[in-house]
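To keep things clear, I will list the structure first and then write my remarks on it.
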Amino acid sequence: MSERFDFAIVGAGIAGASLAAGLAPHGRVLLLEAEDRPGYHSTGRSAAFWTESYGGPQVQPLTTASGPFLHQHGLLTPRGALTLARPSELPDLAAFVSEFRALGVRVDDLDRAALELRLPGLKPEWVAGAFEPDCCDIDVAGLHQLWLAAARQGGAELWTRARLEQASRTGGAWRLSLADGRTAAATVLVNAAGAWADPVAQLAGVRPLGIQPYRRTVAQLRLQDGPPADLPLVLGIDGLFYFKPEAGRLWLSPHDETPSPPCDAAPEELDVALAIDRFEHVVDWPIARIEHRWAGLRSFTPDRLPVYGFDPNEPGFFWFAGQGGFGIQTAPAAADLACALLLGQGPGAVDPEPYDPARFR
């Protein structure tokens, strides 16, 4: 006979682990992970930072509301974020600054002289910037392990190598069949499967939402002279690159978004070359060598906002997916919001309506 749970969560990355930790005190929780260990895919490949502007104005409430939790648990290290603009991009930069200041985000205007102080070797084409002093690096592994430990302490069970093969709902319960032959039953099935969110829905007979995974590439560079220890996260207002220091090296991305099926993503040499080319148009820092490269998948809904809530046509199926590249920096607030919805509690610090799956019906 199958073990019975109140909540079965598919996916044990940051999303699934945060929900398991929040739900464990309120019911019996099963956390299903298809891989040998949780966090193998997007969670384990993130160059995560906490930046209130990242993801856009409708994501900002989740990021801002997540800050106190991340600070309280010592998971943030001050970094600062610097967004660069060329002369033709000055209207875009001004709109960016105005929009986020209106939301209460601290953003400072920088002219060329101020840019040179923060970014030595900057190429002449970059004439202005916006600086966000509150941007921080996130200890992703620490955050993930914090929630996995809290879930275990609360009594949640983690099953690894537990790929979902079939899910059917009868009599108010989901019957779950796994690839290794194990079975389980649960009152609520939570879809926190990241890039696999739509396939998981289809396995459960739920209409997919059009969640598309995109490949994102990162290269680790050794520079001849650096990078500077106090270098901020550097981004282009055009969204075509970002780079940041990490343990004496530089992590660089072309900010690529190449549509991909759900998979164990691998970097393409063309994307690495593109990242290098864009970097060399920003600063004149010689590259000694490329030490490492990797890729991960970021998954977006059609409107590029996350989806949190019960499916309108299948009330026992809960969506917790589509977090794009901002899933880690928004994770504490997203988990609080989702747990409140799952437990039938009142709204908290963030309005759930923009993220309701019913918007796609």
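Please treat every number below as a calculation from the coordinates, not as lab data. Since this is a predicted model, take the numbers as computed values, not measurements. In this analysis, Cβ positions are derived from the backbone assuming ideal geometry, glycine residues included, and neighbour counts consider all displayed protein chains.
Rounded to the nearest 0.05, the FRET efficiency derived from the C-beta distance between residue 182 and residue 266 at R0 = 25 Å is 0.25.
Once the Cβ-Cβ distance of residue 109 and residue 73 is raised to the sixth power relative to R0 = 30 Å, the FRET efficiency obtained is 0.40.
Relative contact order of the chain: 23 percent, from C-alpha pairs under 8 Å at least 6 residues apart in sequence. Highest average first, the peptides 204-215, 2-13, 219-230 ordered by how many other beta carbon atoms sit within 10 Å of their residues are 2-13, 204-215, 219-230.
Taking the Cβ-Cβ separation of residue 289 and residue 246 as r and a Förster radius of 22 Å, what is the calculated FRET efficiency to the nearest 0.05?
Efficiency, from the Cβ-Cβ distance: 0.90.
Helical runs assigned H by DSSP (4 residues or longer) give the chain a calculated mean residue ellipticity at 222 nm of -7500 deg cm²/dmol, each run adding -39500 (n - 2.57) before division by the residue total. A simple count of charges around residue 182, restricted to other residues whose Cβ falls under 11 Å of its Cβ and scoring Lys, Arg +1 and Asp, Glu -1, yields -1.
Packing around the peptides 235-242, 323-330, 159-166, 262-269, taken as the average count of other Cβ atoms within 10 Å per residue, puts them in this order, highest first: 323-330, 235-242, 159-166, 262-269. Each Lys or Arg adds one and each Asp or Glu takes one away; over the other residues whose Cβ falls under 11 Å from the Cβ of residue 260, this sums to -1. For residue 322, what is the net charge nearby, where nearby means another residue's Cβ is under 11 Å from its Cβ and Lys, Arg count +1, Asp, Glu -1? Here the charged neighbours net out to 0. For the peptides 182-192, 78-88, the ranking by mean Cβ contacts within 10 Å, running from highest to lowest, is 182-192, 78-88. Two tests apply to each whole DSSP H helix in the chain, Cα reach of 15 Å or more along its axis and mean Kyte-Doolittle hydropathy of at least 1.0, and the ones passing both are 331-342.
Of 126, 196, the sequence from fewest to most neighbouring Cβ atoms within 10 angstrom is 126, 196.
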